[in-house]
Amino acid sequence: MMNGMSPEVSEHVPICSTKDIVTARQKGRELAHCFKFSKGEQTRFATAISELTRNILTYADTGSCQFYVYTDKNYHTIMAKIIDHGPGIENPKLAMTDGYSSGNGLGLGLPGAKRLVHELSIKSEPGLTQIEITIRQKKY
Amino acid sequence: MTIIPILYLKSTLIASIQTELTDEEVLLFQSNLLKKNHKLNTKGVIIDVSTLDVIDSYMAKVLKDLTSMVKLQGSVFLLSGVKPAVSSTLVDMGMMLNNVETFLSLDQAFDYLSTKVQAKK
(Lines give C-alpha, C1' and ligand atoms only; values in the text may rest on other atoms or scores of the structure.)
Protein backbone atom coordinates (compact mmCIF):
# COMPACT_ATOMS: atom_id res chain seq x y z
CA MET A 1 0.00 0.00 0.00
CA MET A 2 1.03 3.56 -0.53
CA ASN A 3 2.01 4.95 2.88
CA GLY A 4 -1.41 4.27 4.38
CA MET A 5 -3.20 6.41 1.79
CA SER A 6 -6.55 5.13 0.71
CA PRO A 7 -6.89 4.63 -3.02
CA GLU A 8 -8.99 6.95 -5.16
CA VAL A 9 -10.13 4.06 -7.32
CA SER A 10 -9.99 0.35 -6.69
CA GLU A 11 -11.08 -2.39 -9.05
CA HIS A 12 -10.87 -6.12 -8.98
CA VAL A 13 -10.66 -8.57 -11.88
CA PRO A 14 -10.73 -12.31 -11.11
CA ILE A 15 -8.38 -14.31 -13.36
CA CYS A 16 -9.73 -17.75 -14.28
CA SER A 17 -9.48 -17.96 -18.07
CA THR A 18 -7.62 -16.33 -20.94
CA LYS A 19 -10.61 -14.04 -21.45
CA ASP A 20 -9.87 -12.52 -18.05
CA ILE A 21 -6.34 -11.65 -19.22
CA VAL A 22 -7.91 -9.48 -21.91
CA THR A 23 -10.35 -7.95 -19.40
CA ALA A 24 -7.57 -7.16 -16.92
CA ARG A 25 -5.26 -5.54 -19.45
CA GLN A 26 -8.13 -3.51 -20.92
CA LYS A 27 -9.00 -2.29 -17.44
CA GLY A 28 -5.37 -1.31 -16.85
CA ARG A 29 -5.22 0.57 -20.12
CA GLU A 30 -8.51 2.29 -19.41
CA LEU A 31 -7.29 3.52 -16.01
CA ALA A 32 -3.99 4.73 -17.49
CA HIS A 33 -6.00 6.52 -20.16
CA CYS A 34 -8.37 8.11 -17.59
CA PHE A 35 -5.43 9.52 -15.65
CA LYS A 36 -3.85 10.86 -18.83
CA PHE A 37 -0.85 8.58 -19.09
CA SER A 38 0.67 8.66 -22.59
CA LYS A 39 -0.35 6.13 -25.25
CA GLY A 40 3.04 4.49 -24.82
CA GLU A 41 2.57 4.13 -21.06
CA GLN A 42 -0.94 2.77 -21.54
CA THR A 43 0.32 0.08 -23.90
CA ARG A 44 3.30 -0.81 -21.71
CA PHE A 45 1.19 -1.09 -18.58
CA ALA A 46 -1.44 -3.21 -20.36
CA THR A 47 1.24 -5.47 -21.81
CA ALA A 48 2.87 -5.97 -18.40
CA ILE A 49 -0.52 -6.92 -16.94
CA SER A 50 -1.03 -9.35 -19.79
CA GLU A 51 2.29 -11.07 -19.08
CA LEU A 52 1.76 -11.31 -15.34
CA THR A 53 -1.85 -12.47 -15.42
CA ARG A 54 -0.90 -15.13 -17.95
CA ASN A 55 1.63 -16.40 -15.38
CA ILE A 56 -1.32 -16.99 -13.04
CA LEU A 57 -2.98 -19.32 -15.53
CA THR A 58 0.32 -21.08 -16.26
CA TYR A 59 1.45 -21.63 -12.68
CA ALA A 60 -1.55 -21.32 -10.38
CA ASP A 61 -4.78 -21.83 -12.39
CA THR A 62 -6.67 -18.97 -10.79
CA GLY A 63 -5.97 -15.66 -9.09
CA SER A 64 -6.85 -12.03 -9.30
CA CYS A 65 -5.70 -8.66 -10.53
CA GLN A 66 -6.48 -5.64 -8.38
CA PHE A 67 -6.08 -2.05 -9.42
CA TYR A 68 -5.51 0.90 -7.13
CA VAL A 69 -5.14 4.51 -8.12
CA TYR A 70 -3.55 6.96 -5.69
CA THR A 71 -3.35 10.67 -6.20
CA ASP A 72 -1.27 12.93 -4.03
CA LYS A 73 -0.16 16.53 -4.41
CA ASN A 74 2.15 15.84 -7.30
CA TYR A 75 1.53 12.42 -8.76
CA HIS A 76 -1.02 9.98 -10.10
CA THR A 77 0.05 6.46 -9.27
CA ILE A 78 -1.62 3.35 -10.66
CA MET A 79 -0.79 0.05 -9.06
CA ALA A 80 -1.82 -3.37 -10.30
CA LYS A 81 -1.55 -6.13 -7.73
CA ILE A 82 -1.49 -9.60 -9.23
CA ILE A 83 -2.25 -12.30 -6.72
CA ASP A 84 -2.41 -16.07 -6.91
CA HIS A 85 -2.43 -18.97 -4.50
CA GLY A 86 -0.24 -21.31 -6.51
CA PRO A 87 3.03 -22.98 -5.51
CA GLY A 88 4.88 -19.66 -5.38
CA ILE A 89 8.10 -18.52 -7.01
CA GLU A 90 10.91 -20.57 -5.57
CA ASN A 91 13.66 -18.09 -6.25
CA PRO A 92 12.31 -14.62 -7.08
CA LYS A 93 15.80 -13.29 -7.79
CA LEU A 94 16.44 -16.04 -10.34
CA ALA A 95 12.98 -15.53 -11.82
CA MET A 96 13.94 -11.92 -12.55
CA THR A 97 16.90 -13.05 -14.67
CA ASP A 98 16.54 -12.56 -18.42
CA GLY A 99 15.88 -15.77 -20.27
CA TYR A 100 15.01 -17.76 -17.16
CA SER A 101 11.75 -19.66 -17.17
CA SER A 102 10.45 -22.68 -15.32
CA GLY A 103 7.31 -23.00 -17.43
CA ASN A 104 6.94 -23.38 -21.15
CA GLY A 105 6.66 -19.66 -21.78
CA LEU A 106 9.21 -17.52 -23.48
CA GLY A 107 11.32 -16.60 -20.50
CA LEU A 108 10.40 -12.96 -20.95
CA GLY A 109 7.67 -12.83 -18.34
CA LEU A 110 8.99 -11.18 -15.20
CA PRO A 111 12.11 -9.36 -16.40
CA GLY A 112 10.22 -8.34 -19.55
CA ALA A 113 7.33 -6.96 -17.51
CA LYS A 114 9.71 -5.13 -15.16
CA ARG A 115 11.12 -3.09 -18.03
CA LEU A 116 7.62 -1.90 -18.96
CA VAL A 117 6.69 -0.28 -15.66
CA HIS A 118 8.25 2.07 -13.12
CA GLU A 119 8.33 -0.44 -10.31
CA LEU A 120 7.82 -4.15 -9.90
CA SER A 121 7.97 -5.95 -6.58
CA ILE A 122 7.48 -9.61 -5.76
CA LYS A 123 6.38 -11.25 -2.56
CA SER A 124 6.13 -14.98 -2.86
CA GLU A 125 5.74 -18.01 -0.63
CA PRO A 126 4.02 -21.34 -1.25
CA GLY A 127 0.30 -20.59 -1.41
CA LEU A 128 0.60 -16.85 -1.97
CA THR A 129 2.33 -14.90 -4.69
CA GLN A 130 1.83 -11.18 -4.92
CA ILE A 131 3.33 -9.05 -7.63
CA GLU A 132 2.84 -5.30 -7.65
CA ILE A 133 3.50 -3.15 -10.67
CA THR A 134 3.31 0.60 -10.53
CA ILE A 135 3.26 3.44 -13.01
CA ARG A 136 3.48 7.03 -11.92
CA GLN A 137 3.00 10.36 -13.54
CA LYS A 138 3.24 13.99 -12.58
CA LYS A 139 -0.09 15.78 -12.27
CA TYR A 140 -0.77 18.64 -14.64
CA MET B 1 -15.43 -16.58 -30.03
CA THR B 2 -14.21 -13.76 -32.23
CA ILE B 3 -13.50 -14.89 -35.77
CA ILE B 4 -11.10 -12.73 -37.76
CA PRO B 5 -12.18 -12.49 -41.41
CA ILE B 6 -9.47 -13.59 -43.83
CA LEU B 7 -9.84 -12.06 -47.29
CA TYR B 8 -8.40 -13.28 -50.56
CA LEU B 9 -7.28 -10.60 -53.01
CA LYS B 10 -4.98 -11.04 -56.02
CA SER B 11 -3.26 -14.16 -54.78
CA THR B 12 -2.84 -12.63 -51.31
CA LEU B 13 -4.52 -13.38 -48.00
CA ILE B 14 -5.27 -10.29 -45.94
CA ALA B 15 -6.43 -10.20 -42.35
CA SER B 16 -6.80 -7.26 -40.03
CA ILE B 17 -6.73 -7.88 -36.29
CA GLN B 18 -8.71 -5.04 -34.75
CA THR B 19 -9.86 -6.36 -31.42
CA GLU B 20 -7.93 -7.91 -28.59
CA LEU B 21 -8.03 -11.69 -28.83
CA THR B 22 -7.82 -14.36 -26.19
CA ASP B 23 -5.11 -17.00 -26.56
CA GLU B 24 -7.65 -19.50 -27.92
CA GLU B 25 -8.92 -17.02 -30.48
CA VAL B 26 -5.36 -16.29 -31.63
CA LEU B 27 -4.69 -20.00 -32.10
CA LEU B 28 -7.97 -20.48 -33.98
CA PHE B 29 -7.02 -17.59 -36.23
CA GLN B 30 -3.60 -19.11 -36.81
CA SER B 31 -5.02 -22.45 -37.85
CA ASN B 32 -7.73 -20.89 -40.06
CA LEU B 33 -5.10 -18.83 -41.80
CA LEU B 34 -2.86 -21.82 -42.46
CA LYS B 35 -5.77 -23.91 -43.77
CA LYS B 36 -6.91 -21.17 -46.10
CA ASN B 37 -3.38 -20.54 -47.32
CA HIS B 38 -2.91 -24.24 -48.00
CA LYS B 39 -6.10 -24.35 -50.04
CA LEU B 40 -5.48 -21.21 -52.08
CA ASN B 41 -1.70 -21.41 -52.60
CA THR B 42 -1.09 -17.67 -52.28
CA LYS B 43 1.91 -15.45 -52.96
CA GLY B 44 1.70 -14.06 -49.52
CA VAL B 45 -0.18 -13.41 -46.32
CA ILE B 46 -0.51 -9.94 -44.80
CA ILE B 47 -1.65 -9.33 -41.24
CA ASP B 48 -2.51 -5.75 -40.40
CA VAL B 49 -2.32 -4.68 -36.75
CA SER B 50 -2.70 -0.93 -37.21
CA THR B 51 -5.57 -0.69 -34.73
CA LEU B 52 -4.13 -3.07 -32.15
CA ASP B 53 -2.92 -1.45 -28.93
CA VAL B 54 -1.45 -4.47 -27.20
CA ILE B 55 0.78 -7.21 -28.59
CA ASP B 56 2.00 -9.27 -25.67
CA SER B 57 4.64 -12.00 -25.74
CA TYR B 58 2.04 -14.65 -26.56
CA MET B 59 0.69 -12.81 -29.58
CA ALA B 60 4.24 -11.96 -30.64
CA LYS B 61 5.20 -15.62 -30.50
CA VAL B 62 2.20 -16.55 -32.65
CA LEU B 63 3.21 -13.93 -35.23
CA LYS B 64 6.78 -15.20 -35.18
CA ASP B 65 5.61 -18.78 -35.59
CA LEU B 66 3.28 -17.79 -38.42
CA THR B 67 6.24 -16.37 -40.32
CA SER B 68 7.92 -19.78 -40.32
CA MET B 69 4.71 -21.71 -40.91
CA VAL B 70 3.62 -19.61 -43.87
CA LYS B 71 7.14 -19.84 -45.28
CA LEU B 72 6.96 -23.62 -45.08
CA GLN B 73 3.79 -23.39 -47.14
CA GLY B 74 5.73 -21.55 -49.82
CA SER B 75 4.25 -18.11 -49.21
CA VAL B 76 5.59 -14.87 -47.74
CA PHE B 77 4.32 -13.57 -44.40
CA LEU B 78 4.13 -9.81 -43.90
CA LEU B 79 3.09 -7.79 -40.88
CA SER B 80 1.86 -4.24 -41.30
CA GLY B 81 0.91 -1.26 -39.18
CA VAL B 82 2.68 -1.92 -35.86
CA LYS B 83 1.89 1.10 -33.68
CA PRO B 84 4.75 3.15 -32.15
CA ALA B 85 3.76 2.24 -28.59
CA VAL B 86 3.56 -1.43 -29.52
CA SER B 87 6.97 -1.47 -31.20
CA SER B 88 8.72 0.13 -28.23
CA THR B 89 6.95 -2.22 -25.83
CA LEU B 90 7.97 -5.30 -27.81
CA VAL B 91 11.61 -4.24 -27.93
CA ASP B 92 11.70 -3.43 -24.20
CA MET B 93 10.30 -6.86 -23.48
CA GLY B 94 12.98 -8.41 -25.64
CA MET B 95 10.63 -9.62 -28.39
CA MET B 96 12.35 -8.24 -31.47
CA LEU B 97 10.35 -10.21 -34.07
CA ASN B 98 13.56 -10.15 -36.09
CA ASN B 99 12.55 -12.72 -38.66
CA VAL B 100 9.19 -11.11 -39.34
CA GLU B 101 8.98 -8.95 -42.46
CA THR B 102 7.21 -5.71 -41.52
CA PHE B 103 5.76 -2.69 -43.28
CA LEU B 104 4.40 0.59 -42.01
CA SER B 105 1.09 0.20 -43.80
CA LEU B 106 -1.05 -2.44 -45.45
CA ASP B 107 -0.74 -0.47 -48.66
CA GLN B 108 3.05 -0.78 -48.67
CA ALA B 109 2.93 -4.45 -47.79
CA PHE B 110 0.51 -5.15 -50.63
CA ASP B 111 2.62 -3.11 -53.07
CA TYR B 112 5.68 -5.07 -52.08
CA LEU B 113 3.93 -8.38 -52.70
CA SER B 114 2.56 -7.32 -56.07
CA THR B 115 5.82 -5.89 -57.40
CA LYS B 116 8.61 -7.81 -55.66
CA VAL B 117 7.21 -11.30 -55.26
CA GLN B 118 6.69 -13.42 -58.33
CA ALA B 119 3.36 -15.19 -58.69
CA LYS B 120 3.59 -18.97 -58.57
CA LYS B 121 2.51 -20.74 -61.72
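The values are calculated or read from the model by the stated rules, or taken from the named source; none is laboratory data. Everything quoted here is computed from the prediction, not taken from an experiment. Note that we place each Cβ from the backbone using ideal geometry, even for glycine, and neighbour counts take in every protein chain shown. Accessible surface areas use protein heavy atoms only, side chains included; no ligands, DNA or RNA. Shrake-Rupley method; radii C 1.70, N 1.55, O 1.52, S 1.80 Å.
In degrees from 0 to 90, rounded to the nearest 10, what is the angle of the helix B:23-40 Cα long axis to the longest principal axis of chain B?
Roughly 10 degrees between the two axes.
Relative contact order of chain A: what whole-number percent is it, with Cα pairs under 8 angstrom and at least 6 residues apart? Before the final figure, lay out the partial values.
Values: 274 pairs, mean separation 34.8, N = 140.
Once divided by the residue count of chain A, the mean separation gives 25 percent.
Run the numbers on segment A:1-66 and let me know its relative contact order in percent, using alpha-carbon pairs under 8 Å that are six or more apart.
Values: 67 pairs, mean separation 29.2, N = 66.
Rounded, it is 44 percent for segment A:1-66.
Could you work out the mean count of beta carbons from other protein chains within 10 Å of each residue's beta carbon in B:55-63?
Working: counts 3, 14, 11, 7, 2, 3, 3, 0, 0.
Whole-number average of other-chain Cβ neighbours for B:55-63 is 5.
When ranked by the protection proxy of mean other Cβ atoms within 10 Å per residue, highest first, what sequence do the peptides B:27-38, A:16-27 form? Could you put the intermediate results ahead of the total?
Numbers: B:27-38: 15.9, A:16-27: 19.3.
Top of the packing list down: A:16-27, B:27-38.
In percent, what relative contact order does chain B have, based on Cα pairs under 8 Å that are 6 or more apart in sequence?
Working: 177 pairs, mean separation 30.8, N = 121.
With pairs under 8 Å counted, the relative contact order is 25 percent.
Quantify how strongly other chains surround peptide A:7-19 by giving the mean number of their Cβ atoms within 10 Å of each of its Cβ atoms.
On the way: counts 0, 0, 0, 0, 0, 0, 0, 0, 0, 0, 3, 8, 5.
Across A:7-19, the average partner-chain Cβ count within 10 Å equals 1.
Could you work out what % of the accessible surface of chain A is carbon and sulfur, using a 1.4 angstrom probe and leaving DNA, RNA and ligands out of the count?
On the way: 3510 of 7010 Å².
Here carbon and sulfur together make up 50 percent of the probe-accessible area.
Helix-only estimate, please: 222 nm mean residue ellipticity of chain B, summing -39500 (n - 2.57) across DSSP H runs of length 4 or more and dividing by its residues, to the nearest 500.
-14500 deg cm²/dmol
Pop out the ³J(HN,Hα) list for segment B:64-76 in order, Karplus 6.51 cos²θ - 1.76 cosθ + 1.60 with θ = phi - 60°, rounded to Hz; leave Gly and Pro as x.
These are the phi-based 3J(HN,Hα) values: 5, 4, 4, 4, 5, 5, 5, 5, 4, 7, x, 10, 9 Hz.
Between helix A:18-34 and chain A, what is the angle of the helix's C-alpha long axis to the longest principal axis, kept within 0 to 90° and rounded to the nearest 10?
With rounding to tens, the tilt is 20 degrees.
In degrees between 0 and 90, to the nearest 10, how far off the longest principal axis of chain B does helix B:84-93 point, with axes built from Cα atoms?
Tilt of helix B:84-93: around 70 degrees.
Got a sec to turn the phi values of segment B:51-61 into Karplus ³J(HN,Hα) couplings, 6.51 cos²θ - 1.76 cosθ + 1.60 with θ = phi - 60°, whole Hz, x for Gly and Pro?
Rounded to whole hertz, the list is 10, 8, 8, 10, 10, 8, 5, 5, 4, 4, 5.
Solvent-accessible area per residue for segment B:6-116 at a 1.4 Å probe radius, Å²?
Values: 5070 Å² over 111 residues.
Per residue, segment B:6-116 has 46 Å² of solvent-accessible surface.
Among the listed pairs B:Lys35/B:Lys64; A:Lys19/A:Lys138; A:Lys81/B:Lys61; A:Lys39/B:Lys36; B:Lys71/B:Lys116; B:Lys10/B:Lys35, which are separated by more than 23 Å between their Cα atoms? Show your work: numbers first, answer last.
On the way: B:Lys35/B:Lys64 18 Å; A:Lys19/A:Lys138 33 Å; A:Lys81/B:Lys61 26 Å; A:Lys39/B:Lys36 35 Å; B:Lys71/B:Lys116 16 Å; B:Lys10/B:Lys35 18 Å.
Exceeds cut-off: A:Lys19/A:Lys138; A:Lys81/B:Lys61; A:Lys39/B:Lys36.
Report which residues of segment B:73-93 become buried by 30 Å² or more of accessible surface when going from the isolated chain to the complete set of protein chains (1.4 Å probe; DNA, RNA and ligands ignored).
B:Ala85, B:Thr89, B:Asp92, B:Met93
Using the heavy atoms of the protein chains and a 1.4 angstrom probe, tell me the accessible area per residue for segment A:9-138 in square angstrom. Show your work: numbers first, answer last.
Working: 6010 Å² over 130 residues.
The answer is 46 Å² per residue.
Points 7 angstrom from Cα along the Cβ direction at B:Lys61 and B:Val117: gap in nanometres?
It works out to 2.6 nm between the two label points.
Take every residue in peptide A:23-36, count the Cβ atoms of other chains within 10 Å of its Cβ, and give the average of those counts. Mind dumping the intermediate values first?
Details: counts 2, 0, 4, 3, 0, 1, 3, 0, 0, 0, 1, 0, 0, 0.
Across A:23-36, the average partner-chain Cβ count within 10 Å equals 1.
Roughly to the nearest percent, how much of the accessible area of segment B:10-108 is carbon and sulfur, given a 1.4 Å probe?
Numbers: 2390 of 4250 Å².
Solvent-exposed carbon and sulfur of segment B:10-108 make up 56 percent of the total.
How big is the A-B contact in terms of buried accessible area, both chains counted, 1.4 Å probe, rounded to the nearest 100 Å²? The partial results should precede the final answer.
Numbers: alone 7920 and 6960 Å², together 13040 Å².
The summed interface area works out to 1800 Å².
Rank by packing, highest mean first: peptides B:50-63, A:70-83, B:105-118, with packing defined as the count of other Cβ atoms within 10 Å averaged across residues. Show your work: numbers first, answer last.
Working: B:50-63: 20.5, A:70-83: 17.9, B:105-118: 14.7.
Top of the packing list down: B:50-63, A:70-83, B:105-118.
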